[in-house]
Every structure is written in structure tokens, then in C-alpha cells.
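Here is the structure we will look at.
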Amino acid sequence: MRVEFTIIFSLLILILTVCTISSMHSKKIIGKSVAFLVCTLIPPVIGNLIIICSTDRFPSMVGYYIYFLGMDAVMYALIRFTLRYCRITKPNKIVKYTIDVLLIIDVIQYAFNPVFGHAFETEPIMFENNLYFRLIPKLGQTYHRIVDYGLFAFVLFIFLLKTIRSIKIYVERYLVMLVALLIAGIWESFYIFSGTPIDRSMIGLAVFGILTYFFALYYRPLKLLDRMLAGMASELPEALYFFDSNGLCIWANSKGTELAGITNDDYTRAESKLKEMFGEFDLKKAEWSTEKRLGTDAGTTKYYLLEKHTIPYSERRIVGSFLSIRDNTEDQLALQKEKYNATHDALTGLYTKEHLYDRIAEEIQKDNGTNYAVVYANVNNFKMINDIFGSSFGDRVLIEIAQKIRANMTEGCIYGRIVGDIFGMFMPVDEFDDAALEKALGHFTVEDRHLSHTVLIHMGVYFIPDRSIEVSVMFDRARIAVSDIKNDYQIFMAYYDDKMREQVLWDQHISSQVGEAIATKQITPYLQPIVDSSGKPIGAEALSRWTHPTDGFLSPAKFIPVIERNGMIAEVDRYMWKCACEILAKWKKQGREQFISVNISPKDFYFMDVVSVIKNLVEKYEIEPSKLRIEITETVMMDDPENKIAIINEFKKSGFVVEMDDFGSGYSSLNMLQDMPVDVIKIDMGFLNKSELDERGQTILHNILNMTRDIGITSLTEGVETAEQYSMLLSMGCRLFQGYHFAKPMPLNELEEWLDRV
Ligand code: C2E
Ligand code: CA
Ligand code: CA
């Protein structure tokens, strides 16, 4: 008996010591309180051990002292642990102090027991032929029991309250402690009150310490957690399937059973059912995710995201794995719509420029020996359609064009809307049918309610010779071809050729050098004499010539149209006017009587106030305004005539002579002459058949000359090349003449010599 208990108590001391050390190292907040409680349990157990081993009164007394005082310490630690465990952060101060005082009194009264003997005594007894010392409790001992049992009951009460009052998930947490306390209490009481000769009550308390250690630090209410996790998993929008470490499905949430059509919780069939739906997948592979599409019809297609995860147990073992399947249809459709919007034009549904270019670049990368062509299609006068019929009609037009393009493109074609009213198409040369395209797109009538309009589309075609050319450049070239169509109402399609490319390059080459050419006097005025009916030179026209450092002598036809297109002509003209004024100033000093006429380009009016620029020049060079004649072409005058009439009048008011240049080359009516307050008209011989002026031409010329005389306008014929022409014009009553028959345009010094000669 003595030996067995010695072993049991020693073992308990060892276990409690281990628990103390272990809980001291715990990372949990409760760890320290657990360590304190378990550690305080060690002395009473030692006390119990001493009591059981004592064969003498004195050691047994010492054992009892250690036991009882140790129990006070246990109570103190138990209260502290309980407050922590039950998360009572602000305990009632009075209660706390009362407990402390009761325990201190108990310690003090035990201290006086050796003197008064009021607490307890021991007496020897024989039990199973062994000598033991039994406790004889007295008044002090009763006080001790009341205090300790009171505190113990108090703690029990707290845990009971917590168990009843707590929310469900915490009930188990308190319940386990309540059970542990009850076990310890009953065990303890049984030994104390059963009057057994040997006190073994500390076994109960030590077991309580060990249980506390386990419950407080390691126990997790698993069942509860299971239920919570399962509940949560059922709420998730994904279908979930859990597999054990052998890959057998052990559970699926409600979405999961629904998706796989599992009935009666027969989860084992999940895998085969899912494979039937989604095709093969590998459950043995640890982690993967994949997207699956079910169905092909636009309305009913569904998208799913399958993700497989493994739950590790230790480094080498796994608990199991789970598969989650999410219905991704909505996201996928939104994504597809977003992609579509980014790559398709909202109005016509065709590709946007960027996507069109990307797709073409992609196609061209495939080196499959196919030759391709691009077509650039531009609506003629689309701005006018919008302005006159309104933008909704304009939209209608664009939509119809898109429909026509779609209807005419074969499978290998890529097409889109480049911008505004411009569309682009790309196709293998074999599939390029110019006649069909011209027929479908060249011209057609668009009707929208009561509105109707014939739309013309100009198409430029570029056959791609080299796949390394950028797509934008291909369409640039096709566009250049379009610009060749101009205003021909019969032609809808033009092909890019290298001449066009040269023209573009030439344009760029020339435009970039104009400024420098003026500054370095590469551009100079040539002068062509103008004579009267007696052949006397009365003036000259200033015509520009460019002596280019590398391209040589350039006639105006080579560069004037180029710089007229981009507006740089204004620079050249301003310079030419200045040169003319310089010459006139010089002539004034030399006593020459001749005038100089200068050309004014239609673009000049956009870039400057022509009248004031020229007025300033004549003022600056102090010359007679009548000596500087102003040539404005007939076509310029026809464009916004009222404004031009005002300009001409302003010139005339300041004393300039204004000439209408190139009369007859445009579409002007003779009536216009009456309204235009010009002084001179220059009749362009070019509009008549020059080689042999037939009867018809002669009649026209005659009439023009007659009419100008009648309305008091001087006539000048330019381009007179032969003596016959000259005499004929003289007989018809023409007053002034210009042409190779008299002299070609020439540099100033040559002209001056020429003037001196004749
Ligand atoms: P334009 O103003 O009608 O000038 C008359 C053109 O006819 C000149 O051509 C002249 O050389 C040419 N010409 C004169 N007599 C005859 C002839 O008997 N037979 C033929 N076949 N041609 C003759 P050019 O100098 O080549 O100039 C061409 C056009 O370039 C000019 O036509 C004018 O519109 C424009 N131009 C020339 N220089 C300037 C300039 O400095 N400023 C502006 N804005 N335009 C200019
Ligand atoms: Ca002229
Ligand atoms: Ca002319």
C-alpha cells in the first residue's frame, strides 16, 4: 500500500512538473496561469506523499502543513486561472480582497497551531499491519475546509454560470472545465469524508491539474468545429467535394450534391459523375485549377472553374484533398463582353482600328505563301451627309456600309472600321474581287424614313509586296491611292502604285526644304513680259523658279502644287511679292514704266490678311500700287464670291490693278464677270485647243473678248505661242498679250536686257 502510493504520487509530481514547464513555454495567453496553477499543485502532492510515508509524528505533521498551506496556494492560483479562463478582466474588488484576506487568515491560523494546537493533530493508527498517522481535525481545520471548499464551490459556480450563459460555440469550452472540476471535487471529498485512514485526496486534484493543462492548452472542441465548418461550406457559392487521403469522396456540400446529382449522401459516386460532366481530370495531382466549358449554344453555355487543393497533415502525409467547382458563367460572359467592346466598334459592330491592325499583323505573320491586299474605303463627302441629313442619318449610312462589307467578305478576310467614315479590309489576293466590291460599295442609295441619298465610296487598293511593312503603312498607301480618285464620279476604286509613293516622298522632300530655299535664294522670281497691241512691253508677270542644290532647276509645276496642298505656298508668295516690290523700287529709280503682276494662291487667304500684307509692302518700298498687279485665279473668285468681291474692292480702293487669272479654265459663267470688279481678265489659252483654234473655239474667244470690251474690262491673252494666234487675237480686239511668241519667263537681268533691246 505505502509503496504503491509512493509510486503514484512520485509519478504525479513528475507529470505535474512536466506540465508546468510545458505550459510555461506555451504561446497561448492562458499558458502562464495554467503553469502557476499546475505548479501550485505540486507541494500538496508532496505533502500527501510525506504523510503516507511517515512512520513518525513529526514528519507526518510537516506533511500535513505542506498539504494544507499548499492547498491555500492552489486555491489562490485556481481563482486567478478561472478569471483568466473565463475572460473576466475586471473582477469585483471587494470579492477579490475578501478571498485574499480569508486565505491569509488561514495561513496565519496554521502558523499558531504548533502553539495552540487548535487546527489539527495526528494520531498513530495501524492499517494492514503498517503504522500511519491519521489527521484529527479541530476548529482551525474546519475554518480551512470552509474557506477552501467555499472557494472551490465559488469556482464551480463561475464555470456553471459560464456554461449556461455562453453562446453555443463556447459552451463546450466551459463544460469540459466544469466536468474536470467536478471529478476533482468528488474524488477529493470522497477521501476526506469517507474517513479512510490514509489521505489520498491529492490524486483527484493532481488529475484535475493535468486535465486543466490539456483542456486549456490543447483541447479543441472538434465536433463543434466540424459542424461549424460543414455549415460554412454549405453556405459557399462553390460546389465542394472532400476526398480522403485515398481519393475517395467523403463529403460534398449542398451545391456539390446538386451539381453532381448525388442523392442519399452517396458521395462515392461524385468522382465518376463529375468526370462524366467535365471530362477526365486527375485527382491524384496535388494542386491544379482549370476552366471548363459546358455546351456550345450562345444562350446556354456554362463556364466552370475547377480547383483542386490538398490538405497536408505533416510534411509527408496528407489529411485529404478537396475540389471546388465554381460557376464562372457570369464572369466569363462579362469578360467576353468587355473584350468584345474593346475590340469592336459600338456603332457598326466591326473591329476597331487597333484590333483590325492586330489581327492583320497576326495573319501576315503566318508565312503561308498567300498574297494579300488591303482596301481603304472612304465615304465621299461624309461631312456633308452629316451636315445636311443629320448625324443619325450619317450613322445609318455607316451601318449600311458595314452590312455591305460583311456581306461581301469571304472567310479569309479581315475588316473593320478604321475611324469615322473610313473602313479597312484585308484579304488574300485570290479572294479580292474588284468588280464585286465596286458594285456593292461604289455607290448605293441609303434611305431612312423620308430621307434618301446616294452615297459614293472611294476605295484605294494596295497589294502587299512585303510582309514586313507595318499594317498602318499598308493602309496609308491604300489611302494615297484614294486621293488619286479626286472628283471623278465614274471611278470608285484606285490602285496604289510606286509613282504615288514617289509623289508622297517628293512632297515630303520638297516641303521640308521650302524655308531654307527661300532663305538661301534658291527660289527666285522669273519674269515674263506682257505686251500691248503694238508689241510694246508694258509689264511682266513674276513666276517662281527653284534652283535646287541636288534636284536642279525646278519649274513651278514641280513644287507649287505640293506646297499649295500643305499651305507653305503662303511663304513663297509673300517672298515673291517682296521680290516684285524690290524690283519695282529699283525700276522706279531707273525710270522704267513697266508694272509687275504677282500671283496669289487660294491658300494665301487662309494664312494671312493678303490685302494688308501687300499694302504694307508697297508702302515700305514706296512704290505706286498701280505698278503691282494682283492676279487672283478665276476659281478662287468663284469660291465665296461675296468675300472675294470685298477683297478686290479693297485692293482697288488702294489703287491696285486686279486681274482675273486663268479665265476659262474653271466652270465660271460669263455673268460672273459683271459682278467681279476686276480690271483685267487673263484668258487662259489652255482651255481652247491650242494647236488649231477651230471655229467653235474662235467664236467663244471672240465673244469673250467682245463682252469684256462691252463691260469695260481689259483683256489679256496668255499662252500666245505663234504669230498667227497673235494676229488673230489682235483682229478680235484683244488688248494685251503674254506668251512664248514674245518671250519666255527669264531672270531679272535678262529681262532688263530684253527690255532695253526691244
Ligand atoms: P500662271 O499664273 O497661269 O502662269 C503662266 C504660266 O504659263 C507660266 O508657267 C508660264 O511659264 C506659262 N507660259 C507662258 N507663256 C506660255 C506659252 O506661250 N506657252 C505655254 N505652254 N506656257 C506658257 P509656269 O511659270 O510654269 O507657272 C505655272 C503656274 O504656277 C502659274 O500659272 C501659277 O499658277 C503658278 N505659279 C508660278 N509661280 C508662282 C508663285 O510664285 N506663286 C503662286 N501662287 N503661283 C505660282
Ligand atoms: Ca498668273
Ligand atoms: Ca494664268
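Compute the acute angle (0 to 90°) between the alpha-carbon long axis of helix 329-343 and the principal axis of greatest extent of the alpha-carbon atoms of the chain; round to the nearest 10°. Relative to the chain, helix 329-343 is tipped by roughly 20 degrees.
Be a star and scan segment 385-419 for residues whose amide nitrogen sits under 16 Å from the point 7 Å along the Cα-to-Cβ vector of His450. Within reach of a label on His450: 389-390, 393. Using C-alpha pairs below 8 Å separated by at least 6 residues, the relative contact order for segment 474-593 is 18 percent.
Over all distinct Cα-Cα pairs of segment 91-224, the Kirkwood formula returns a hydrodynamic radius of 17.4 Å.
Counting only residues at least eight positions apart within a chain, or on another chain, the lysines with an alpha carbon under 27 Å from that of Lys620 are Lys521, Lys578, Lys586, Lys588, Lys589, Lys603, Lys644, Lys652, Lys653. Close amide H contacts of Ile418 (hydrogens built in the peptide plane, cut-off under 5 Å, sequence separation of 5 or more or a different chain): Phe423, Gly424.
Please state, rounded to one decimal and in Å, the Kirkwood hydrodynamic radius that segment 2-230 gives when every pair of distinct Cα atoms enters the mean of 1/r.
18.6
For Arg134, the residues whose modelled amide H falls within less than 5 Å of its own, excluding neighbours fewer than 5 places apart on the same chain, are Glu123, Ile125. Restricting segment 119-168 to trypsin sites (Lys or Arg not before Pro) that sit in a DSSP loop and have at most 16 other Cβ atoms within 10 Å of their own Cβ leaves Lys138.
The alpha-carbon of Lys366 sits under 21 angstrom from the alpha-carbons of these lysines, leaving out residues fewer than 8 places away in its chain: Lys353.
Qualifying GluC sites (Glu not before Pro) in segment 271-304, where qualification requires a DSSP coil assignment and no more than 10 other C-beta atoms within 10 Å, comprise Glu280, Glu287.
Probing with 1.4 Å while keeping every protein chain in the model, the per residue accessible area of segment 687-758 equals 55 Å². Overall dimensions of the chain, expressed as equivalent-ellipsoid semi-axes from the Cα gyration tensor (√(5λ), whole Å, largest first), are 119, 35, 22. Taken as Cα centroids, segment 298-373 and segment 252-289 sit 24 Å apart, rounded to the nearest whole angstrom. Expressed as an acute angle from 0 to 90° and rounded to the nearest 10, what is the orientation of the C-alpha long axis of helix 2-24 relative to the principal long axis of the chain? Long axis of 2-24 versus the principal axis of the chain: about 20 degrees.
Quantify, in whole percent, the carbon and sulfur part of the accessible surface of segment 513-757 (1.4 Å probe; protein heavy atoms only). Carbon-and-sulfur percentage of accessible area, whole number: 49. Taking a quarter of the surface of the Cα convex hull of segment 1-65 gives a mean projected area of 4.4 nm². Relative to the longest principal axis of the Cα atoms of the chain, the long axis of helix 93-111 makes an angle of roughly 30 degrees.
Give the relative contact order (percent, whole number) for segment 513-757; include only Cα pairs under 8 Å separated by 6+ residues.
Numbers: 376 pairs, mean separation 47.8, N = 245.
It rounds to 20 percent for segment 513-757.
The tail of the calculated P(r) for segment 344-496, taken as Cα-Cα distances beyond 23 Å, holds 33 percent of the pairs.
The packing ranking of peptides 403-415, 237-249, highest mean first, is 237-249, 403-415, where packing means the average number of other beta carbon atoms within 10 angstrom of each residue. Calculate I(q)/I(0) for segment 35-83 by the Debye formula, one identical point scatterer on each C-alpha and no solvent, and give its log10 at q = 0.14, 0.17 Å⁻¹ to two decimals. Results for segment 35-83 at q = 0.14, 0.17 Å⁻¹ read -0.35, -0.47.
Here the chain carries DSSP beta bridges of which approximately 75% are antiparallel, counting only pairs with both residues inside.
In plain terms, the chain from Phe607 to Glu338 could stretch by 92.2 nm, reckoned as 0.36 nm per residue minus the Cα-Cα distance. Between Leu131 and Thr699, full extension at 0.36 nm per residue minus the direct alpha carbon distance yields a gain of 188.0 nm. Rg then Dmax, both in Å and based on the Cα atoms of segment 700-753: 13.1, 39.
Probing with 1.4 Å while keeping every protein chain in the model, the per residue accessible area of segment 2-230 equals 53 Å². When the trypsin sites (Lys or Arg not before Pro) in segment 256-313 are filtered for DSSP coil states and for at most 15 other beta-carbon atoms within 10 Å of their beta-carbon, the remaining sites are Lys284, Lys285.
Counted over all Cα-Cα pairs of segment 513-757, pairs farther apart than 33 Å make up 15 percent.
Hey, which aspartates and glutamates would be in cross-link range of Lys558, C-alpha to C-alpha under 12 Å, not counting anything within fewer than 8 residues on its own chain? Partners found: Asp507. Entry for segment 279-336 at q = 0.24, 0.27 Å⁻¹: log10 I(q)/I(0) = -0.94, -1.08, Debye formula applied to identical alpha-carbon scatterers, no solvent contribution.
Projected onto its three principal axes, the C-alpha set of segment 543-678 covers 45, 37, 24 Å, listed from the longest axis down. For the chain, the relative contact order works out to 6 percent when only alpha carbon pairs closer than 8 Å and six or more residues apart are counted. Note on segment 44-114: semi-axes of the ellipsoid equivalent to its C-alpha gyration tensor, largest first and rounded to whole Å, are 30, 15, 4. Within the accessible surface of segment 2-230, defined with a 1.4 Å probe on protein heavy atoms only, the carbon and sulfur portion equals 73 percent. Per residue, the Cα convex hull of segment 236-342 amounts to 118 Å³. Report, as a whole number in µm² per second, the diffusion coefficient that Stokes-Einstein gives for segment 444-486 at 37 °C and 0.692 mPa s using the Kirkwood radius over alpha carbon pairs. Result for D is 262 µm²/s. Per-residue ellipticity at 222 nm from helix content only, as computed over the chain with -39500 (n - 2.57) for each DSSP H run of at least four residues, stands at -17000 deg cm²/dmol.
The values are calculated or read from the model by the stated rules, or taken from the named source; none is laboratory data. Computed from a predicted structure; not experimentally measured. Backbone-built Cβ (ideal geometry, glycine too); neighbour counts: all protein chains shown. Ligands, DNA and RNA are stripped out before the accessible areas are found, and what is left, the full protein with its side chains, is counted by its heavy atoms. Shrake-Rupley method; radii C 1.70, N 1.55, O 1.52, S 1.80 Å.
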